[in-house]
1. Any chance segment 19-29 includes a residue that's loosely packed, with under 13 Cβ neighbours inside 10 Å, of a type in the set (Lys, Arg) and modelled with pLDDT under 70?
2. Any idea which of (1) within 19 Å of the chain's Cα centre (by Cα); (2) in the same structural domain as Leu146 (by TED's automatic domain parsing); (3) part of a loop (DSSP other than H, G, I, E, B) is the one Lys218 doesn't satisfy?
3. Tell me, yes or no, whether segment 184-196 has at least one residue that is assigned by TED's automatic domain parsing to the domain that holds Leu108 and either at pLDDT below 85 or assigned to a loop (DSSP other than H, G, I, E, B) (or both).
4. Could you please tell me which pairs satisfy a Cβ distance under 6 Å, a separation of 6+ or placement on different chains, a first residue in segment 289-305 that is touching a residue at least 12 places away in the same chain (Cβ under 8 Å), and a second residue that is in a helix (DSSP H, G or I) and of a type in the set (Phe, Trp, Tyr)?
5. Residue by residue through segment 248-257, note down the ones that are surrounded by fewer than 18 Cβ atoms within 10 Å (Cβ to Cβ) and closer than 19 Å to Ala195 by Cα.
6. So which of Thr303, Thr287 ends up being among the hydroxyl-bearing types (Ser, Thr, Tyr), modelled with pLDDT under 95 and on the phi < 0 side of the Ramachandran plot?
7. Of all residues being in a loop (DSSP other than H, G, I, E, B) and of a type in the set (Val, Ile, Thr) in segment 254-288, which is farthest from Asp305 (Cα to Cα)? Just the residue, please.
Amino acid sequence: MASAGPREVRERRTLRRSRFGCRNCKLRKLKCDEGKPHCNRCSSFGVLCNFMSNIPDLQPIAPETGRRLAVRETGELQPPVTSAVWTADESTSYQLNAKCQDFITRYLGRSLITPDDPNMIHVNRKLLKLAFAHPFLMHASLAVALTYDRHLNSSFGCRRSLEECYHWSQSTALLSKRLREPIEAKDKDPIWGTAAALTILAFSSPDAYTPEESWPMKISGHSDLDWLRMSKGKMSLWHIVNPLRSESLFRVMAATFALMHSPLPERGIDGIPRALAAVCLLKVSSTVKDNPYFHAAHALSQTLDLPDSEVTTGQIQLFWRSINGAFEDMLRKRDPVALLLLYLWYRKASRSIWWIELRARVESPSICSYLRLYHNGNVAVQAFLPGGALADSWN
């Protein structure tokens, strides 16, 4: 095992993948045993196996009546509640079970994204009303609420529940279907709200549950930085729905959007701590054209001196915007300085944003392990890691 290189390990893993597995196993990133008519993983998870194209993704198994069922906290299936509450549009409907109704009362009536932001609370209350007329938004909202509940009540490495997977999958499928149809004015806010929720779900749900299994320690795969692809997908909808149009409920967030898209410096190192500028090889004459870390270092530095309680989603997503071009390539190649910048961003952002903390739980220690294992000789990088010479001053 010690002599096996990354390519040999990758080839062995590739050979073990199932080629004709069901879509549920692919969505859950598990090896399917390809059993017919139901694979073992779908049967144990309580969903209909969908190697056939006419079976929906992650559809809970219904007993003889074929009625849509709700899911207890224990994972058992139960009939819908008697006091029916529905979310429905012209083509789709979903009956909320007792737990969904409880989560609406407990979580969705306030802002889960940034609890202390009055603008987000205003937006969230209006989105909740829209969710009853747009099932794709309701499913996305419930998935975020379930993820938040898991964040509050679970320990390190807790896996996503069947309910989370179901609502996430349903929202993705319904939104995809809606985007293939003409977009009406009444649909624009629900579409943007759903896209934002799906981005949060993608970010807060890493594939791995331990640092050893997580990127960047794991062998490269198609899911590397998948949250970044989801974020770019959301931003591709900007010109279609225009969240800043006059009648948009998101217009109250204009200042947040402006911060997300604020221009970064074009030259120099003003505002970047000296130690960070040194490890990034940044100088007074540096520009984004001659240094791939330039914008990422500037974006990160805007939050480092702020109290954790003052860090906002706008400032956090300014760093997201810097992950493109040469810097994104360096990150995908596991460049040590690029990984260090991401690690420092995780450490700062995860203290104030709960859905970032869910990914940081596994990727932050994974980045540290990778840098210690493969770049132990890079003294400048090691100084920032826990136990390093600069670690205390960066906490």
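The values are calculated or read from the model by the stated rules, or taken from the named source; none is laboratory data. All values reported here derive from a predicted model rather than from experimental measurement. When we count neighbours, we look across all protein chains shown, and the Cβ atoms used for this are built from the backbone with ideal geometry, even at glycine.
1. Yes, there is a match, as at least one residue in segment 19-29 is loosely packed, with under 13 Cβ neighbours inside 10 Å, of a type in the set (Lys, Arg) and modelled with pLDDT under 70.
2. (2)
3. Checking segment 184-196: at least one residue is assigned by TED's automatic domain parsing to the domain that holds Leu108 and either at pLDDT below 85 or assigned to a loop (DSSP other than H, G, I, E, B) (or both).
4. Pro292/Phe327; Ala296/Phe327; Ala299/Phe319; Leu300/Phe319; Leu300/Trp345
5. Answer for segment 248-257, where residues must be surrounded by fewer than 18 Cβ atoms within 10 Å (Cβ to Cβ) and closer than 19 Å to Ala195 by Cα: Arg251, Val252, Ala254, Phe257.
6. Thr303
7. Checked segment 254-288; the qualifying residue farthest from Asp305 (Cα to Cα) is Val288.
Results for (1) in the same structural domain as Phe384 (by TED's automatic domain parsing); (2) touching a Leu at 6+ places or on another chain (Cβ under 6 Å); (3) crowded, with 17+ Cβ neighbours inside 10 Å; (4) without any contact (Cβ under 8 Å) to a residue 12 or more places away in the chain, shown as yes or no for each residue.
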{"site": "Ser262", "(1), (2), (3), (4)": "no, no, no, no"}
{"site": "Ala278", "(1), (2), (3), (4)": "yes, no, no, no"}
{"site": "Lys283", "(1), (2), (3), (4)": "yes, no, no, no"}
{"site": "Thr312", "(1), (2), (3), (4)": "yes, no, yes, no"}
{"site": "Leu318", "(1), (2), (3), (4)": "yes, no, yes, no"}
{"site": "Tyr343", "(1), (2), (3), (4)": "yes, no, yes, no"}
{"site": "Arg351", "(1), (2), (3), (4)": "yes, no, no, no"}
